[in-house]
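Below is one structure, written out as structure tokens, with a few remarks after it.
The values are calculated or read from the model by the stated rules, or taken from the named source; none is laboratory data. Everything quoted here is computed from the prediction, not taken from an experiment. Backbone-built Cβ (ideal geometry, glycine too); neighbour counts: all protein chains shown.
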Amino acid sequence: MNLPPLVLASASPRRFDLLTEVGVPFEVRASHVDEDLVGPIGPVEAARELALRKALAVAKDLAAFPPRWVLGADTVVALGSDEAPILLGKPTDPADAQRMLASLSGTRHRVVTGICVVRTQDGAHFLDEECTWVHMRPISEAEVGAYVASGEWRDKAGGYAIQETADAFVEALEGGGFDNVVGLPVARVFALLERSGLALG
């Protein structure tokens, strides 16, 4: 069986869809890593560290030959300043989702996606990230409640999915792009894969 050289270390349907839409052949192998972070850490460092963990965990389970390229990614939503950022991961329950959405209402916040490519034949890894500033309009308590009741917040960093109905809360994006807020900056991924030695056409 001919396996594609690219392995996506994620079970995220959003990342699956973004890679599929651009016609890239790949295999999915979900990573199951500890996503806890120790000590004060910024959003860029957090996203890169978690992407690295995911890619390394999957690469470790693959034989060095044939050569494979493992792509890990992690998206973090951050409020506040660089000196004291508040990182928002995936909500644990509806109350947590409600708290996150209320805190993001009316803000300009960052969405950072870290990406990592690990080359199985020699263990070399390559890291990058993309940052997008999201301008979110004020959201009423009723809107927050309805959104949480819809269940769209599940498994979404910051508790919202811009590719679904939460796009109605977003007024503008700065830097990066829509795909980065969804969870995978595709052009940056292509550039990182090329840097690592995998040309995709």
Among residues belonging to region 86-120 that are surrounded by fewer than 17 Cβ atoms within 10 Å (Cβ to Cβ) and among the hydrophobic types (A, V, I, L, M, F, W, C), point out the one that is nearest to the chain's Cα centre (by Cα). 86
For region 158-197, how many residues are out of contact with any helix residue (DSSP H, G or I) (no Cβ under 9 Å at 6 or more places or on another chain), of a type outside the set (Phe, Trp, Tyr) and either surrounded by 13 or more Cβ atoms within 10 Å (Cβ to Cβ) or within 20 Å of residue 24 (Cβ to Cβ) (or both)? 8
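If you go through region 191-200 one residue at a time, do you hit one that is over 21 Å from residue 5 (Cα atoms), in contact with a Pro (Cβ under 7 Å, 6 or more places away or on another chain) and not in a helix (DSSP H, G or I)? Walk me through how you get there before you give the answer.
Let us first name the residues in region 191-200 that are over 21 Å from residue 5 (Cα atoms), namely none.
Looking through region 191-200, none of the residues is over 21 Å from residue 5 (Cα atoms), in contact with a Pro (Cβ under 7 Å, 6 or more places away or on another chain) and not in a helix (DSSP H, G or I).
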Which one of these does residue 123 not meet: (1) on the phi > 0 side of the Ramachandran plot; (2) surrounded by 24 or more Cβ atoms within 10 Å (Cβ to Cβ)? (2)
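For region 129-151, give me the residue count where each residue is closer than 21 Å to residue 111 by Cα, more than 16 Å from the chain's Cα centre (by Cα) and not in a helix (DSSP H, G or I). First the steps, then the outcome.
Narrowing region 129-151 to residues closer than 21 Å to residue 111 by Cα: 129-139, 144, 147-148, 151.
Then drop every residue that is not more than 16 Å from the chain's Cα centre (by Cα), which leaves 135-139, 144, 147-148, 151.
Imposing the further condition that a residue be not in a helix (DSSP H, G or I) reduces the set to 135-139, 151.
So the count comes out to 6.
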With the requirement that a residue be polar (S, T, N, Q) and under 19 Å from residue 66 (Cα atoms), what does region 112-148 give you? 120, 121
Can you list residue pairs whose Cβ atoms sit under 9 Å apart, with the first residue in region 117-145 being under 27 Å from residue 72 (Cβ atoms) and the second being assigned to a strand (DSSP E or B) and basic (Lys, Arg)? Count only pairs 6 or more apart in sequence or on different chains. 125/119; 126/119; 131/110; 132/110; 133/108; 133/110; 134/108; 134/110
Determine whether region 156-165 contains at least one residue that is among the basic types (Lys, Arg), touching a residue at least 24 places away in the same chain (Cβ under 8 Å) and out of contact with any Ser or Thr (no Cβ under 7 Å at 6 or more places or on another chain). yes
Would you point out the residue of region 46-71, among those that are of a type in the set (Gly, Ala, Ser) and at pLDDT 90 or above, that is farthest from residue 5 (Cα to Cα)? 46
Region 40-56: number of residues that are farther than 20 Å from residue 110 by Cα and either without any contact (Cβ under 8 Å) to a residue 60 or more places away in the chain or crowded, with 24+ Cβ neighbours inside 10 Å (or both): 3
Checking the structure you have, find out if any residue of region 72-81 is surrounded by fewer than 20 Cβ atoms within 10 Å (Cβ to Cβ), modelled with pLDDT under 95 and more than 21 Å from the chain's Cα centre (by Cα). no
